[in-house]
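This report concerns only the one structure given below.
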Amino acid sequence: MELWVTEYQTPSLGFSCKVSETLRVEDTPFQHLSVVRTEQFGKMLLLDGMVQTTELDEYIYHEMISLIALNSHPHPGNVLIIGGGDGGTLREVVRHPLVEKGTLVEIDERVVQASRDFFPMLAASFDEAKSELLIADGIEYVRDNKNSFDLVIVDSTEPVGPAVELFSKGFYQDVFEALKDDGMLVAQSESPFFNEEVIKMAYGGIKEIFPIAKLYLASIPTYPSGLWSFTVGSKNYDPEKISFKGNMECRYYSPEIHQAAFKLPAFTKKIMEMNK
Ligand code: SAM
């Protein structure tokens, strides 16, 4: 018998992978969690039926959500990650030579456990000397910490359940206040092809609060439409300008990709212009 896992990316589009083994299925206090082994992408973590990460393409998302901001902020010593309970973003943050401390605040400790059990290449970051792992609501954590971080990375699930508020203007204002005077925010902002409304919320909200707001793109095969966006809010530094030129081994990110990622197709620019 063949077993397939399908993420319904829209009500009329499914993304299916052939499954060779079901490794975990559970309802956590926050969401439905599953880990399966797929023939095409290796192990895959899904939350509420939506692909979060896979062994084969995880590096694209994790390098691109982290390294653009890390390499354009001249001294990203103290970094906060909201969400990101698989540990992949933390891995990129703590291997950066200019980072002194990476704090990860994940609401669901079962995501962290699933990563420890099945994705050691991501979860190893939890045990790095520069890392701090907290199981808490990122929204409250940001509210309680003022003027503390050089960079805040919002590595959240889609705007459903506990992540809804992570796309709100009130939350971006709290992040602004949690950042130091020259701090930066980067948030995953979904697919410009399928999630126009999310981009309007994320880019629109960040643009109202931060003096500099820019959106960039990356190609991620297992995310809806394969084309993914990230939005940067910056108090001072232009995220397009590379300030750190050290040599970090990467599989997707490069100085050329850093610059190219900000060159946007016309249809994406149009979505952003709706926020003017
Ligand atoms: N790369 C992923 C993507 O875009 O599909 C996101 C990965 S990561 C697994 C997202 C995490 O955000 C989840 O583990 C979820 O539990 C966490 N999360 C959602 N809302 C949160 C909140 N309010 N505070 C902290 N973590 C939260």
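Determine the pairs where a residue that is more than 30 Å from residue 243 (Cβ to Cβ), located within region 93-120, has a partner that is part of a helix (DSSP H, G or I) with Cβ atoms under 6 Å apart, the partner being 6 or more residues away or on another chain. Sorted first by the residue in region 93-120, then by its partner, the pairs are 107/162; 115/122; 115/123; 116/123. Within region 145-176, the set of residues being more than 13 Å from the ligand (Cβ to nearest atom), of a type in the set (D, E, K, R) and either surrounded by 15 or more Cβ atoms within 10 Å (Cβ to Cβ) or within 16 Å of the chain's Cα centre (by Cα) (or both) comprises 150 only. In region 25-47, the condition of being surrounded by fewer than 23 Cβ atoms within 10 Å (Cβ to Cβ) and within 17 Å of the chain's Cα centre (by Cα) is met by at least one residue. Of the candidates 63, 7, the single residue that is outside the structural domain of residue 193 (by TED's automatic domain parsing), within 16 Å of the ligand (Cβ to nearest atom) and under 29 Å from residue 175 (Cβ atoms) is 7. All conditions in (1) assigned to a strand (DSSP E or B); (2) surrounded by 15 or more Cβ atoms within 10 Å (Cβ to Cβ); (3) more than 9 Å from the ligand (Cβ to nearest atom); (4) not hydroxyl-bearing (Ser, Thr, Tyr) hold for residue 96, with the sole exception of (1). Taken over region 220-255, residues that are in contact with a helix residue (DSSP H, G or I) (Cβ under 7 Å, 6 or more places away or on another chain), of a type in the set (S, T, N, Q) and within 16 Å of the ligand (Cβ to nearest atom) amount to 2. Test residue 212 against the stated conditions and say whether it is over 17 Å from the mean Cα position of the chain (by Cα), closer than 23 Å to residue 75 by Cα and away from the ligand (no atom under 14 Å from the Cβ). So residue 212 fits the description; yes. Consider region 21-56 and keep the residues that are closer than 23 Å to residue 110 by Cβ and among the polar types (S, T, N, Q). The one that is farthest from the ligand (Cβ to nearest atom) is 22. Taking region 131-247 as the region of interest, the strands (runs of 3 or more DSSP E) fully inside it that hold 1 or more residues being among the hydroxyl-bearing types (Ser, Thr, Tyr) are 131-135, 212-219, 227-234. Return yes or no: is residue 184 more than 9 Å from the ligand (Cβ to nearest atom), in contact with a His (Cβ under 8 Å, 6 or more places away or on another chain) and of a type outside the set (Ser, Thr, Tyr)? Here the answer is yes, as residue 184 does meet what is asked. Exactly one residue among 123, 69 is small (Gly, Ala, Ser) and either within 15 Å of the ligand (Cβ to nearest atom) or on the phi > 0 side of the Ramachandran plot (or both), and that residue is 123.
Only one of these is over 23 Å from residue 174 (Cα atoms), among the β-branched types (Val, Ile, Thr) and modelled with pLDDT under 95: 257, 271, 220, 242. Name it. It would help to see each step written out before you state the result.
Details: 257 fails: modelled with pLDDT under 95; 220 fails: modelled with pLDDT under 95; 242 fails: modelled with pLDDT under 95.
Step by step, each of 257, 271, 220, 242 is checked, and only 271 is over 23 Å from residue 174 (Cα atoms), among the β-branched types (Val, Ile, Thr) and modelled with pLDDT under 95.
The values are calculated or read from the model by the stated rules, or taken from the named source; none is laboratory data. None of the values given here were measured: they were computed from a predicted structure. Backbone-built Cβ (ideal geometry, glycine too); neighbour counts: all protein chains shown.
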